[in-house]
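Encoded as structure tokens, the structure appears first; notes follow it.
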Amino acid sequence: MYKLLVIEDDVMMSDMLSMYMSGEGYEIKQAENGEQGLKLLEQFVPDVVLLDLMLPDWDGTELCIRMRQHSTVPIMIVSMKSEVSERVQALRAGADDYLCKPFSMHELSARVEALIRRARLMQPNAAGGQQEEAGQASEKEIKLDSERRLLLVRGTFVETTFSEFEIMKLFLTHPGKVFSREDLINAIRGFDSFVTDRAIDVHIVNLRRKVEKNPKEPHYIRTVWGVGYKYVTEVEATR
């Protein structure tokens with residue numbers, strides 16, 4: 001049974017969310033303010049957090065930053081605020097998805113499932129990646145710092161956008177796998193609802209500038225003509 005933490009000061013909304021998701025098979029804990037939420041994050045260790053941006057004691061974005069300093073748990077913002085600027089702020093604070101009120105409970109459930117699925121998919125691959133790094137020192141040229149959402153490229157931290165980080169995370173956890181543009185769109189669609197094939201190409205260009213020694217002759221992020229892109233490890237790139 002997956003565990004869900006609801007941080008919401010509107011009792012009626014919190015109860016409604018909890019009742020529905022409990023019916024979907026989740027174990028639920030509720031917090032009516034940020035302080036309670038932080039305590040339950042540590043004690044309850046949820047699989048997903050539903051976080052309202054407007055809390056009596058914390059600004060939701062600041063709370064998201066605080067939570068992200070101590071946990072990699074998927075965080076979904078559930079808020080009345082629908083402005084693009086609010087979504088961007090939440091994204092930069094470390095949130096994984098954003099749902100505007102009012103919303104469909106079916107959509108909420110589907111998005112929560114997607115967050116859990118993505119988190120579970122990354123865990124075993126991340127462990128495998130660490131084993132590979134232990135045996136191949138050259139793999140350490142490019143790594144992810146998930147806590148700070150940064151890339152470590154040849155010993156230097158490089159900032160990325162949300163979409164760039166998610167794409168690079170997908171590449172690094174599945175080296176050699178060819179991803180179509182649609183695959184990459186689906187990986188970042190949580191926030192960027194208007195992402196297109198052209199936007200993916202722009203993200204790839206920007207990532208090459210950040211990780212390649214010569215972006216015009218990429219060794220790591222390769223184009224697979226007619227299909228999409230794949231990430232090639234240092235060992236494979238030198239063969």
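Key figures
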item	result
Check on Ser71, in contact with a strand residue (DSSP E or B) (Cβ under 9 Å, 6 or more places away or on another chain) and free of Cβ contacts under 8 Å to residues at least 12 places away in the same chain	no
Selection within region 15-68 - in contact (Cβ under 8 Å) with a residue 24 or more places away in the chain and of a type in the set (Asp, Glu)	Glu24, Glu27, Glu32, Glu42, Asp47, Asp52, Asp57, Glu62
Residue list for region 74-100, restricted to those being in a loop (DSSP other than H, G, I, E, B) and either aromatic (Phe, Trp, Tyr) or touching a residue at least 40 places away in the same chain (Cβ under 8 Å) (or both)	Pro74, Gly94, Ala95, Asp96
Whichever residue in region 16-52 is surrounded by 17 or more Cβ atoms within 10 Å (Cβ to Cβ) and touching a His at 6+ places or on another chain (Cβ under 9 Å) and, among such residues, is farthest from Ile75 (Cα to Cα)	Leu38
Lone unmet requirement of (1) under 21 Å from Ala95 (Cβ atoms); (2) surrounded by 13 or more Cβ atoms within 10 Å (Cβ to Cβ) for Glu147	(2)
Listing of helices (runs of 4 or more DSSP H) fully contained in region 146-228 that carry 1 or more residues being over 24 Å from Ile75 (Cα atoms) and more than 13 Å from the chain's Cα centre (by Cα)	181-188, 197-211
Test: Thr223 is at pLDDT 90 or above, of a type in the set (S, T, N, Q) and more than 20 Å from Thr156 (Cα to Cα)	yes
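The values are calculated or read from the model by the stated rules, or taken from the named source; none is laboratory data. In this text, all values refer to a predicted model and were calculated from it rather than measured experimentally. Virtual Cβ from ideal backbone geometry, glycine too; neighbours counted across all protein chains shown.
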